[in-house]
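Heads up, the thing below is written out as structure tokens.
The values are calculated or read from the model by the stated rules, or taken from the named source; none is laboratory data. Keep in mind it's a predicted model, so treat the numbers as computed, not measured. A quick note on method: Cβ atoms are made from the backbone with ideal geometry, for glycine too, and the neighbour counts reach across all protein chains shown. To get the accessible areas, we keep the full protein, side chains included, count just its heavy atoms, and leave off ligands, DNA and RNA. Shrake-Rupley method; radii C 1.70, N 1.55, O 1.52, S 1.80 Å.
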Amino acid sequence: MAGVDDKRPTPELAKVRRYEAAGFRAWPAATVHYDGTWVVRLTAGHPAKRLNSVNPLDPGDVGNLTERIARAARRFDSYGRPLTFRMSPLSGPVLSSHLDDLGWDVFSESLVMRLPLEGAGVESALDQIPLKDIGRFIGAALKVHGLPSSLRPGLSEIIGSIQPEAGLFVLENDKPLATAICVQEGDLAGLFEIATDAAERGKGHGRRIVLSALKWARSRGAREAWLQVEADNEAARHVYETLGFREVYRYHYRRPPEA
């Protein structure tokens, strides 16, 4: 991020493009516009930043920045969303410097992590059949995330729009304990919406549901798993690292100071 002496190795941009494209397909926004190689994603029914952000995909696509940022701002304003850029390694240094000069804030850094499924230890995981009932899954997900029921329609629209095969996983006894979505597309398995009920954390539920989801995906041809996790979520990162996930690259968000 701006002003940080980052010693992490630079990721291969081809790998970043592959994960970015998989993420767009696995967690689709309601509307998508293109401005050159900028992907403008907006979703009226859900406020998540990754569903409401400008995603630059080519470091060299830096023409007419002032005009294009203003155009994006108008789109976001029409949705009632704050203008937000999601900055991956594909954004490049020129755009970052331009936003620095404008005084844009930097916030919410996340890691993209990967795990080769061969030798990942999923053989002993619990065999779990994904739910077919989207409504039941959404009810469980809202509970374990601690989210309001007002997000139910938006989350339902997102999950219903996923084109690749999606497994909806819930771990429960008399109540939901943990949830996860595994989107399997070819040899890639992406994990989304992983959460454990706040009162049940530290008991291994998250680890168990992730392993079950990965076992399901591997049985369908997936050879590599990937996920996104916020950089400051140390508990989740520890779980993923003990499972063998390793960082591929990072991204963060930027907004104008008035936002």
The condition of being open to solvent by 60 Å² or more (accessible area, probe 1.4 Å) and either touching a Phe, Trp or Tyr at 6+ places or on another chain (Cβ under 9 Å) or not in a strand (DSSP E or B) (or both) holds, among ALA225, ALA259, only for ALA259
Going through segment 45-88 in order, the residues found to be of a type in the set (Lys, Arg) and open to solvent by less than 60 Å² (accessible area, probe 1.4 Å) are LYS49, ARG50, ARG68, ARG81, ARG86
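Matching residues to (1) free of Cβ contacts under 8 Å to residues at least 40 places away in the same chain; (2) of a type in the set (Ser, Thr, Tyr); (3) open to solvent by 30 Å² or more (accessible area, probe 1.4 Å):
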site	(1), (2), (3)
ARG207	yes, no, yes
VAL210	yes, no, no
ARG220	no, no, yes
VAL229	no, no, no
GLU234	yes, no, yes
THR242	yes, yes, yes
GLU247	no, no, yes
HIS252	no, no, no
- Report whether or not ALA236 is of a type in the set (A, V, I, L, M, F, W, C) and assigned to a loop (DSSP other than H, G, I, E, B). no
Taking segment 134-150 and keeping residues in contact (Cβ under 8 Å) with a residue 24 or more places away in the chain and open to solvent by 70 Å² or more (accessible area, probe 1.4 Å) leaves ARG136, LYS143
Taking segment 146-166 and keeping residues closer than 20 Å to PRO28 by Cα and not hydrophobic (A, V, I, L, M, F, W, C) leaves SER150, ARG152, PRO153, GLY154, SER156, GLU157, GLY160, SER161, GLN163, PRO164, GLU165
Of (1) surrounded by 14 or more Cβ atoms within 10 Å (Cβ to Cβ); (2) touching a Pro at 6+ places or on another chain (Cβ under 6 Å); (3) within 30 Å of GLY60 (Cα to Cα), GLY103 fails just (1)
Log entry, pairs with first residue in segment 85-96 being β-branched (Val, Ile, Thr), second being surrounded by fewer than 19 Cβ atoms within 10 Å (Cβ to Cβ), beta carbons closer than 9 Å, six or more apart or on different chains, reads VAL94/PRO59; VAL94/GLY60; VAL94/VAL62; VAL94/LEU65
